[in-house]
Amino acid sequence: MRFAGRSPIADTGAVSDAPADTPEPAPIDEATIERILGEFVDRHADVDAAVFGSADGHPIAAAGAGAEPATVAAMGAAAVGLAGQLLRFGGDAGGGDANVRGGDAQVWVIDVRGAATLTVIGRATAPGAVAAAARALGEHLVTLLRP
């Protein structure tokens with residue numbers, strides 16, 4: 001599946017203003033995103049799984065154990081929507097992230113520019129730095145999909 005890129009030859013057959021030696025961006029596919037998510041999960045010992053989904057709740061890619069991607073992506077989109085609505089009561093007009101913490105587990109749902117969600121499932125002992133790393137990862141993934 002190709003998400004980004006442009007041919008150096010326009011549809012009219014005319015040569016575009018891009019230099020001829022400018023390579024087209026490589027297509028970003030589900031396997032690439034899963035690899036990036038897997039590296040994130042592997043790098044953070046207290047993280048068990050990560051699911052990257054569309055803003056409307058469809059899974060794009062997932063890594064790790066213990067998460068059904070379709071369910072997690074749908075619930076992540078719903079959690080971001082609910083967080084945004086709750087924040088509006090406080091006068092915040094933007095979207096919102098969600099963090100749910102229990103005795104043994106913790107889940108972060110990151111709203112990535114309103115275009116996607118990144119849901120990270122970890123242990124309750126996971127440091128807060130995981131949330132910051134997840135935000136950066138979500139931004140990176142959206143940038144890869146929409147340069």
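The values are calculated or read from the model by the stated rules, or taken from the named source; none is laboratory data. Since this is a predicted model, take the numbers as computed values, not measurements. Neighbour counts run over all protein chains shown; Cβ positions are idealised from the backbone, glycine included.
Kindly indicate whether residue 107 is at pLDDT 90 or above, closer than 18 Å to residue 59 by Cβ and not charged (D, E, K, R).
Yes.
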Which one of the conditions (1) modelled with pLDDT of 95 or more; (2) touching a His at 6+ places or on another chain (Cβ under 9 Å); (3) in a helix (DSSP H, G or I) does residue 38 fail to meet, given that it meets all the rest?
(2)
Flag if residue 97 is in contact with a strand residue (DSSP E or B) (Cβ under 8 Å, 6 or more places away or on another chain) and not aliphatic (A, V, I, L, M)
yes
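Conditions (1) within 16 Å of residue 138 (Cβ to Cβ); (2) buried (at least 18 other Cβ atoms within 10 Å of the Cβ); (3) at pLDDT 60 or above, marked per residue:
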position	(1), (2), (3)
13	no, no, no
18	no, no, no
31	no, no, yes
43	yes, no, yes
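When the residues of the range 129-146 are narrowed to those that are of a type in the set (A, V, I, L, M) and either in contact (Cβ under 8 Å) with a residue 60 or more places away in the chain or touching a helix residue (DSSP H, G or I) at 6+ places or on another chain (Cβ under 7 Å) (or both), which ends up farthest from residue 31 (Cα to Cα)?
Residues of the range 129-146 of a type in the set (A, V, I, L, M): 129-134, 136-137, 141-142, 144-145.
From the residues that got through so far, the ones that are either in contact (Cβ under 8 Å) with a residue 60 or more places away in the chain or touching a helix residue (DSSP H, G or I) at 6+ places or on another chain (Cβ under 7 Å) (or both) too are 130, 133-134, 137, 141, 144-145.
Numbers: 130: 23, 133: 21, 134: 19, 137: 16, 141: 13, 144: 13, 145: 13 Å.
Applying the filter and picking the extreme gives 130.
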Restricting attention to the range 54-76, which residues are in contact with a strand residue (DSSP E or B) (Cβ under 7 Å, 6 or more places away or on another chain) and of a type in the set (S, T, N, Q)?
54
